[in-house]
Amino acid sequence: MASTSTPRTRSTSSQPRMSLKAVRAFLAALEKAHPDARSELIYHNTFELLVSVVLSAQATDVSVNKATRALYEEAPDPASMAALGEEGIARHIRTIGLWRSKAHNVALLCQQLLEKHDGQVPGSREELEALPGVGRKTANVVLNIAFDQPTMAVDTHIFRLGNRTGLAPGKTVRAVEDELVRRVPKEMLRPAHHWLILHGRYVCKARTPECWRCPVTEWCLYREKNKIPPKR
């Protein structure tokens with residue numbers, strides 16, 4: 001059972017919010033559960049990381065990895081991918097959702113990297129977000145992984161966890177991001193991005209969270225915990 005003495009504070013809404021002491025313990029338990037947490041996207045350089053994250057919008061990492069294997073063999077850098085052009089890129093990514101618009105954005109992105117950044121992925125938020133297909137979440141991922149910056153990219157998993165557990169409640173993605181940046185200890189912020197994604201992907205699932213095997217249930221404030229494992 002979850003501890004009945006779990007410390008909690010109240011948010012400005014009716015949603016309960018974890019205390020800062022509980023936040024640290026919650027994340028420490030996730031670190032223990034995922035000691036080698038990292039992105040599940042497959043890439044070999046910062047450029048490939050950027051393209052994979054752009055392609056991952058409304059698509060699974062597994063589907064992106066399958067599509068980009070041959071793409072990166074043919075075009076591992078902005079110059080070679082720009083040479084493929086929109087149709088050449090599209091040929092590789094047709095199995096990914098929104099593939100046509102993504103092919104268009106990636107082609108433009110490569111052109112801008114060549115024209116404005118000497119073929120290098122920039123390391124500032126402003127420059128990243130100015131690239132086609134790159135929004136705040138994508139920029140946060142690239143800054144976190146490639147440039148070691150303590151950013152928090154809030155995807156559907158992290159948004160769900162922030163609200164469901166009481167870790168960082170918020171009505172919008174940006175509100176959850178701001179709460180996480182404010183409440184997560186600074187030294188834990190960068191790896192916490194990966195811990196939370198993996199926990200949301202494999203344990204705290206959208207439809208049926210597997211609370212019966214959750215390593216952080218002691219601090220989680222979710223009111224409808226499912227503590228009984230399914231029958232086999």
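Could you please find all residues in segment 87-101 being surrounded by fewer than 16 Cβ atoms within 10 Å (Cβ to Cβ) and at negative phi?
The answer is 87, 91, 94, 95, 97, 100, 101.
Out of curiosity, is residue 177 among the charged types (D, E, K, R), assigned by the TED database to the domain that holds residue 52 and out of contact with any Ser or Thr (no Cβ under 7 Å at 6 or more places or on another chain)? In short, no.
Considering 52, 63, 80, the condition of being assigned to a helix (DSSP H, G or I), without any contact (Cβ under 8 Å) to a residue 24 or more places away in the chain and in contact with a Ser or Thr (Cβ under 8 Å, 6 or more places away or on another chain) is satisfied by 52 alone. Residue-level check: of (1) over 20 Å from residue 39 (Cβ atoms); (2) touching a Pro at 6+ places or on another chain (Cβ under 6 Å), residue 100 misses just (2). Of the residues in segment 167-183, not one is of a type in the set (S, T, N, Q) and in contact with a Phe, Trp or Tyr (Cβ under 8 Å, 6 or more places away or on another chain).
The values are calculated or read from the model by the stated rules, or taken from the named source; none is laboratory data. Owing to the predicted nature of the structure, the values given are computational and were not obtained by experimental measurement. Neighbour counts run over all protein chains shown; Cβ positions are idealised from the backbone, glycine included.
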